[in-house]
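Asker: Let me give you the structure first, and then I'll get to my questions.
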Amino acid sequence: MDRGQLIEIQALRAFAALAVVAYHAADRAGSAFGVGAAGVDVFFVISGFIMMTVTAARPTTPLRFAWNRISRIVPLYWLVTLALVGLALVLPAAMPNLQASPDRVVQSLLFIPHRDPAGQIFPVLVPGWTLNFEMFFYALFAAALVLPRSAQLAAITAMMLGLVGLGVLLRPDGAVAATYTSPMLLEFLAGIWLAQLRLRGRLPRRQIGLAMLALGLAAYAALQATRTYSDAWRVVLWGGPALLIVAGTLAAAPALRPGLAKRLGDASYSIYLLHPLLVGVVWRFVGWLPAPGFLLASLLVSALAGLACFTLLEQPLTEALKRRRRSASPSRLRAA
């Protein structure tokens, strides 16, 4: 699936990214929009859906799949991480809480889960914690691609259920083990099975899809109103509504035309990586605004900066790496 297809998924990506921006902006303003962090759960369901959809439409090898994912995720993440580290070295007073020791930087760049000085499993660029999950999911998915097509779905399902089961039984405390056995892996798996249902033409009809979408949004509204959150039950409390929203959107949404929602969806990765720094910048300049005004300013700045980053940096980098792969010799392509 490329960006020209399933525009409703791109619109959902925009929704998810801006929800996370709103979560962090509200927190900075001393307000509370905790459920905005569930944008991550929506992203995870979408990721599982996309990987299954893409590989079903264009069968690929594990190495080519891995290269495609690396070329999509790594360049911008590395650039933003290193830029953040460089800024902290040049202007330490501007980022007094950022502790970027060499070992943390290396682990962050290599997507190795580790604990920060506060004990949280966060890399130097905090939003990168979700990329640790994403890259591990890609590794599992690539491993399943070694098998015949008929066995891939069962294999990835067994691997992910087995890992989560181990996590429930062993309750590991180490950063790597805790991440790689987290129940949040089930959100990727839910997206995979949703894609399988769509490929088999088994999505519910439009009316049921609308009801699922409304139920998912209502669940998030209720969780926000009651301030209900449990890390242990996140996959149920936030992952369940995320699945309802993605499935309901796919079943209910008419064919959308390219527009701002799609463009913001295209730029969602840039928005997501850049927004913590941007929210901080907005706070320095207009932190005096009432919380709703600050929230709106943060959303607007993050969206505009994300669009600019996608157009000027992320998209050219990705396309350059794609061209590099295409220009490889036929023998190397066969090997991949």
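Read-outs throughout are calculated quantities, based only on the coordinates presented, and are distinct from any laboratory measurement. Predicted, not measured: the structure shown is a model, and the values here were computed from it. Note: ideal-geometry Cβ built from the backbone for every residue, glycine included; neighbour counts use all protein chains shown.
Asker: For q values of 0.08, 0.09, 0.10, 0.13 Å⁻¹, compute log₁₀ I(q)/I(0) with the Debye formula on a Cα-only model of the chain, without solvent.
Answerer: Log10 I(q)/I(0), no solvent term: -0.38, -0.49, -0.61, -1.08.
Asker: Along the stretch 303-319, what does the Karplus equation 6.51 cos²θ - 1.76 cosθ + 1.60 (θ = phi - 60°) give for ³J(HN,Hα), rounded to whole Hz, x for Gly and Pro?
Answerer: 5, 5, 5, x, 4, 5, 5, 4, 5, 8, 10, 4, 5, x, 4, 5, 5
Asker: Rounded to the nearest 20 Debye, what is the dipole magnitude of the chain about its Cα centre when Lys and Arg each give +1 and Asp and Glu each give -1 at the C-beta?
Answerer: 1240 debye
Asker: Something else about it: Projected onto the charge dipole of the stretch 7-335 (+1 at Lys/Arg Cβ, -1 at Asp/Glu Cβ, origin at the Cα centre), which of 60, 83, 285 gives the Cα projection farthest towards the positive end?
Answerer: 60
Asker: Provide the per-residue ³J(HN,Hα) series for the stretch 63-71, in order, calculated from phi with Karplus coefficients 6.51, -1.76, 1.60 and θ = phi - 60°, each as a whole number of Hz, with x at glycine and proline positions.
Answerer: Whole-Hz 3J(HN,Hα) from phi for the stretch 63-71: 5, 5, 4, 4, 5, 4, 5, 4, 5.
Asker: Starting from the Cα-Cα distance between residue 289 and residue 221, subtract it from 0.36 nm times their residue separation and give me the gain in nm to one decimal. Please report the intermediate quantities before stating the final value.
Answerer: Working: separation 68, 0.36 × 68 = 24.48 nm, distance 2.51 nm.
Value of the extension gain: 22.0 nm.
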